[in-house]
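Visitor: Here you go, one structure.
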Amino acid sequence: EQLWDRNSVQKNIDGSIRVFSKFIPKSTTEITQDILYTMDVNCSENSFRDVAVGAKEFNEFKNNDSDWKDPNGDILILGVIEQVCTFRN
């Protein structure tokens, strides 16, 4: 499950949207736990980039590879992109 926080939505200078999201695995263990993402969404290109990740709090670890990525059919990421873009418009 992938959730996003509508209170965190902000528009970036380049027109993309920054949002906090949270991935919740089906079962939680020490290895599989919730992952917190700060992600940018490009609505016109239907792409995203993870700016930072964390396990305990947002922005614990900055992502050095911040290139725009295609969701590549990932249903959870596509859902976040669609919902965030619809919410902003």
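Visitor: Scan region 29-74 residue by residue and report those that are more than 16 Å from residue 18 (Cα to Cα), touching a strand residue (DSSP E or B) at 6+ places or on another chain (Cβ under 9 Å) and among the β-branched types (Val, Ile, Thr).
Guide: The one that is more than 16 Å from residue 18 (Cα to Cα), touching a strand residue (DSSP E or B) at 6+ places or on another chain (Cβ under 9 Å) and among the β-branched types (Val, Ile, Thr): 35.
Visitor: Looking at (1) under 12 Å from the mean Cα position of the chain (by Cα); (2) open to solvent by less than 80 Å² (accessible area, probe 1.4 Å), which is the only condition residue 82 fails?
Guide: (2)
Visitor: Out of all the residues in region 56-74, is one or more in contact with an Asp or Glu (Cβ under 6 Å, 6 or more places away or on another chain) and either open to solvent by less than 70 Å² (accessible area, probe 1.4 Å) or in a loop (DSSP other than H, G, I, E, B) (or both)? Step through it out loud before you land on a result.
Guide: Pass one, region 56-74, residues in contact with an Asp or Glu (Cβ under 6 Å, 6 or more places away or on another chain): 63.
With the extra rule that they be either open to solvent by less than 70 Å² (accessible area, probe 1.4 Å) or in a loop (DSSP other than H, G, I, E, B) (or both), the set shrinks to 63.
Within region 56-74, one or more residues are in contact with an Asp or Glu (Cβ under 6 Å, 6 or more places away or on another chain) and either open to solvent by less than 70 Å² (accessible area, probe 1.4 Å) or in a loop (DSSP other than H, G, I, E, B) (or both).
Visitor: Being touching a helix residue (DSSP H, G or I) at 6+ places or on another chain (Cβ under 7 Å) and not in a strand (DSSP E or B) is the filter; apply it to region 34-55 and report the residue that is surrounded by the most Cβ atoms within 10 Å (Cβ to Cβ). Walk me through how you get there before you give the answer.
Guide: Quick first cut of region 34-55, residues touching a helix residue (DSSP H, G or I) at 6+ places or on another chain (Cβ under 7 Å) only: 41, 43, 46, 48.
Going one step further and asking which of them are not in a strand (DSSP E or B), we end up with 43, 46.
Numbers: 43: 16, 46: 13.
Result: 43.
Visitor: Let me ask something else. What do you reckon, is residue 19 of a type outside the set (D, E, K, R), assigned to a strand (DSSP E or B) and open to solvent by less than 40 Å² (accessible area, probe 1.4 Å)?
Guide: Numbers: of a type outside the set (D, E, K, R): yes; assigned to a strand (DSSP E or B): yes; open to solvent by less than 40 Å² (accessible area, probe 1.4 Å): yes.
Yes.
Visitor: Sticking with this structure for a sec: Take the residues in region 44-72 that are more than 20 Å from residue 24 (Cα to Cα) and small (Gly, Ala, Ser), then tell me which one is modelled with the lowest pLDDT.
Guide: Per the criteria, the residue is 66.
Visitor: Which members of region 16-74 meet the condition of being charged (D, E, K, R) and within 20 Å of residue 5 (Cα to Cα)?
Guide: Of the residues in region 16-74, the ones charged (D, E, K, R) are 18, 22, 26, 30, 34, 40, 45, 49-50, 56-57, 60, 62, 65, 67, 69-70, 74.
Answer for region 16-74, where residues must be charged (D, E, K, R) and within 20 Å of residue 5 (Cα to Cα): 18, 22, 26, 34, 40, 49, 50, 56, 57, 60, 62, 74.
Visitor: Quickly run through region 75-89 and pick out the residues that are out of contact with any strand residue (DSSP E or B) (no Cβ under 9 Å at 6 or more places or on another chain), farther than 15 Å from residue 2 by Cα and not in a loop (DSSP other than H, G, I, E, B).
Guide: If the condition is that a residue be out of contact with any strand residue (DSSP E or B) (no Cβ under 9 Å at 6 or more places or on another chain), farther than 15 Å from residue 2 by Cα and not in a loop (DSSP other than H, G, I, E, B), then 86 is the only one that fits.
The values are calculated or read from the model by the stated rules, or taken from the named source; none is laboratory data. Quick caveat: nothing in here was measured; it's all calculated off a predicted structure. Note: ideal-geometry Cβ built from the backbone for every residue, glycine included; neighbour counts use all protein chains shown. Side chains included, ligands, DNA and RNA excluded: accessible areas come from the protein's heavy atoms. Shrake-Rupley method; radii C 1.70, N 1.55, O 1.52, S 1.80 Å.
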